[in-house]
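Student: I have a structure here, written as structure tokens, and I will follow up with some questions on it.
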Amino acid sequence: MANNRRHIFMPVIFFIAAVSIAVLPIAASPWRVDFSGGALYAPSYGADVALLPAYGFGLGGGVELVTNNWIPIRGELGVYSIGASAWDPTLFRYRAFWGYRLAAMTGLRVPVGSGELDFLAGGALSASRFTSLSVVTAYASLVGEMRFLHPVSFSFLKGREVNIFAAVPVEYMFRGNARTIAAGLEIGLGFQLSKGAAK
């Protein structure tokens with residue numbers, strides 16, 4: 001029971017810490033929003049089951065506060081679907097599942113030429129359902145992401161910064177008796193809400 005409580009509260013702690021860091025620079029710093037999607041490799045394992053590979057995809061959007069070399073707070077809302085795993089030698093497999101995920105992260109942004117490289121980490125809460133079943137579960141996870149953003153310009157946006165980006169998201173899911181390790185490759189498009197480039 002203690003372990004389950006710890007897994008549930010870890011994302012909440014991450015979120016509170018990130019919001020606390022964000023409070024001071026919020027008035028002078030720009031916000032960015034983005035939309036992305038991509039493929040996932042998401043093997044699962046259990047106490048008596050070896051790692052069994054599975055594949056899926058995810059779609060989502062995010063909003064983040066940006067300072068000089070820091071992203072104090074980033075929130076994400078996404079939907080994902082992961083197919084049934086491979087069979088093990090005893091003819092066991094993990095069921096396919098899909099769900100919604102709410103994540104909070106914080107991290108660094110490093111200039112690379114005209115673009116930037118971001119390193120993010122945090123926690124998430126998900127509500128998922130097994131495909132073709134009515135069983136719904138909630139679980140916590142640790143999340144991280146490395147992404148590269150490159151600016152592009154569109155005259156109709158009247159000076160607002162736009163970025164295209166590629167990202168490698170990772171997630172460690174505490175799914176009851178099972179654990180899932182997901183890694184993926186995403187592409188997306190982001191917009192700065194205020195005019196001018198982020199400093």
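Student: Residue by residue through the range 47-85, note down the ones that are among the small types (Gly, Ala, Ser) and more than 10 Å from the chain's Cα centre (by Cα).
Tutor: Listed by number, the residues that qualify are 47, 50, 54, 56, 81, 83, 84, 85.
Student: Looking only at the range 80-122, which residues are in a loop (DSSP other than H, G, I, E, B) and farther than 24 Å from residue 46 by Cα?
Tutor: Matches in the range 80-122: 113, 114.
Student: Please determine whether any residue of the range 72-87 is surrounded by 15 or more Cβ atoms within 10 Å (Cβ to Cβ) and in contact with a helix residue (DSSP H, G or I) (Cβ under 7 Å, 6 or more places away or on another chain).
Tutor: The answer is yes, given that some residue of the range 72-87 is surrounded by 15 or more Cβ atoms within 10 Å (Cβ to Cβ) and in contact with a helix residue (DSSP H, G or I) (Cβ under 7 Å, 6 or more places away or on another chain).
Student: Return yes or no: is residue 5 modelled with pLDDT under 90 and charged (D, E, K, R)?
Tutor: yes
Student: Would you mind finding the one in 112, 79, 152, 136 that is among the β-branched types (Val, Ile, Thr) and in contact with a Lys or Arg (Cβ under 7 Å, 6 or more places away or on another chain)? Before you say what the answer is, go through the steps one by one.
Tutor: Values: 112 fails: in contact with a Lys or Arg (Cβ under 7 Å, 6 or more places away or on another chain); 79 fails: in contact with a Lys or Arg (Cβ under 7 Å, 6 or more places away or on another chain); 152 fails: in contact with a Lys or Arg (Cβ under 7 Å, 6 or more places away or on another chain).
None of the others qualify; the one that does is 136.
Student: Separate question: Could you go through the range 53-65 and let me know if any residue there is farther than 21 Å from residue 168 by Cα and touching a Leu at 6+ places or on another chain (Cβ under 8 Å).
Tutor: No: zero hits.
Student: Across the range 124-143, which residue is nearest to residue 179 (Cα to Cα) among those that are out of contact with any Phe, Trp or Tyr (no Cβ under 7 Å at 6 or more places or on another chain) and outside any strand (DSSP E or B)? Break it down stepwise before answering.
Tutor: Step one: filter the range 124-143 for residues out of contact with any Phe, Trp or Tyr (no Cβ under 7 Å at 6 or more places or on another chain), giving 124-125, 132-138, 143.
Cutting the leftovers down to outside any strand (DSSP E or B) gives us 132-135.
On the way: 132: 21, 133: 20, 134: 21, 135: 17 Å.
The selected residue is 135.
The values are calculated or read from the model by the stated rules, or taken from the named source; none is laboratory data. As the structure is a computational prediction, the values presented were derived from the model and not from experiment. Cβ sites come from the backbone with ideal geometry, for glycine too, and all protein chains shown count toward neighbours.
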